[in-house]
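Only one structure is covered here, and it is reproduced in the block below.
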Amino acid sequence: MDFELTQEQKDIQRAAREFAQAEFTPERGREYDEKEEFPFDLWKKACELGFIGVHFPEEYGGAGMGYLENTLIAEEFCRADSTIGSAIILSDFSSEVIMKFGSEEQKEEVLPKVASGKAITAGCYTEPEAGSDLTAIRTKAEKDGDEWVINGTKTFITNAPIADYFVVLAVTDPNAQPRYRGFTTFLVRKNAEGLKINKITGKFGIRSSPTAEVSFKDVRVSEEDIIGQLNRGFYQVLEFFDGSRIEIAAQALGIAQGALDKTISYVKQRKQFGQPIGAFQALQHRIADMAAQLEACRLLVYKAAWKYDRGEIDPALTSMAKYYAGKLAVRICDEAIQMHGGYGYISEYDVERFYRDAKITEIYEGTKEIQLNTIAKGLLGKL
């Protein structure tokens, strides 16, 4: 067992850290959070430096690396700033569905643009009545001559207000049994007639990562816009989630580490009763406990990414990584606010923003309860 990163991976990690620390300033993080704006300028810089799509094959504009390298970047970006980091790492959301299952033409059209900062992708899966239960989707795609006509509504769609491409899961065979065997994914472009985007504002956290409700009214796509095989969309999306859960775990891990970094700095400077509050053993023990759990979490997240890159896709393990990382991020950010006292409750001190940004990692890409279901299924099998 080798727990060392390769020199190349260390270089990627260091480069991501240096870039994020220099560019993702707290002032800019607060600004994007308050205005609920996507950091386009920083996203373009990140793309130009090769941080987005690092796991894409080289022939499609990527670096030909893996999910572990992508995990290292996501962790460092979110460690530097939870708001900016989260928005940037999610700019290629669902592009992996095209990378894994798309036609050569789809890959050549989409992936190089995403990696170079010329396009953003969104995945349209969740619906008003189909959140955790993906099998309950109602959006339909019906064949009409040489085209497919999509009708339905998706909600809580990351990147939708700024996306150039949408990966849409729809029912194509309503008579299939079980019904998820009749789902297909389609590639829809932002200029499609009948596509309507309604931005969702006032979110608790990750406010610079735009979210929207997406409606499809007689949106027409061609046969060539089917991603992979007809009626295999459900399986494609599940496999995509196995990988995307790792990135969300890395997001949570980075946010937690960033909150701990800020807390360590604060307790060394803040004085009470004539000494830095970090000198009190009670706080020292709490910080030591947080650091120990973070290190255990990091090993779990890295292992999930490493196994995925080896082709050993383990849904229970990726669910463990996301479940534990999300839960720990919320706990550490909560502790960070507590140790900051009253200052932790105001926006001038960024731990309150980190806390707000951390909470979503327990919700999207499958709630923590759904992750426990997946873990239990892996342990117990079908009962």
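The values are calculated or read from the model by the stated rules, or taken from the named source; none is laboratory data. Just so it is clear, the structure is predicted and the values come from calculations on it, not from any experiment. Counting neighbours? That spans all protein chains shown, and the Cβs are built from the backbone with ideal geometry, glycine included. Just the protein is used for accessible areas: all its heavy atoms, side chains included, with ligands, DNA and RNA removed. Shrake-Rupley method; radii C 1.70, N 1.55, O 1.52, S 1.80 Å.
In the range 259-322, which chymotrypsin sites (Phe, Trp or Tyr not before Pro) fall in coil by DSSP and have 13 or fewer other Cβ atoms within 10 Å?
Answer by residue number: Phe273.
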> With charges only on Cβ, +1 for K and R and -1 for D and E, what is the dipole size of the range 269-383 about its Cα centre, in debye, rounded to 20?
Replying inline: 220
> Residues of the chain: accessible area per residue at 1.4 Å, in Å²?
Replying inline: 45
>> Among Leu299, Phe77, Phe40, whose Cα projects farthest towards the positive end of the dipole of the chain, with charges put on the beta-carbon of Lys, Arg (+1) and Asp, Glu (-1)?
In response: Leu299
> When the distances between all Cα atoms of the range 130-204 are binned every 10 Å from zero, what whole-number percent does each bin get?
Replying inline: 17, 48, 29, 6, 0
> Where Rh denotes the Kirkwood radius from the mean inverse Cα pair distance, what is Rg over Rh for the range 294-361?
Replying inline: 1.14
> Simple spin-label model, 7 Å along Cα-to-Cβ: Lys35 to Asp11 in nm?
Replying inline: 3.6
> On full extension of the chain, what length is gained from Asp133 through Tyr343, given 0.36 nm per residue of separation minus the C-alpha to C-alpha distance?
Replying inline: 71.6 nm
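Quick check for me: using +1 on Lys/Arg Cβ and -1 on Asp/Glu Cβ, what's the dipole size of the range 331-374 about its Cα centre, in debye to the nearest 20? Mind dumping the intermediate values first?
Working: 5 positive and 9 negative charges, 15 e Å.
Dipole size: approximately 80 debye.
Taking the Cα centre of the chain as the origin, how large is its charge dipole in debye, to the nearest 20, when only Lys and Arg (+1) and Asp and Glu (-1) carry charge on their Cβ atoms? Provide the component values of the computation, followed by the final result.
Values: 47 positive and 59 negative charges, 258 e Å.
Roughly 1240 debye for the chain.
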> Using the Cβ atoms and a cut-off under 10 Å, what net charge is assigned to the surroundings of Thr139, where Lys and Arg are +1 and Asp and Glu are -1?
Replying inline: +2
> In terms of the Cα gyration tensor, with a ≥ b ≥ c the square roots of its eigenvalues, is the range 206-311 rounded because a/c is under 1.5, prolate because a/b exceeds b/c, or oblate?
Replying inline: oblate
> Carbon and sulfur together cover what percent of the accessible area of the range 281-383 at a 1.4 Å probe radius?
Replying inline: 58
> Counting Lys and Arg as +1 and Asp and Glu as -1, what is the net charge of the other residues whose Cβ lies under 11 Å from the Cβ of Gly194?
Replying inline: +1
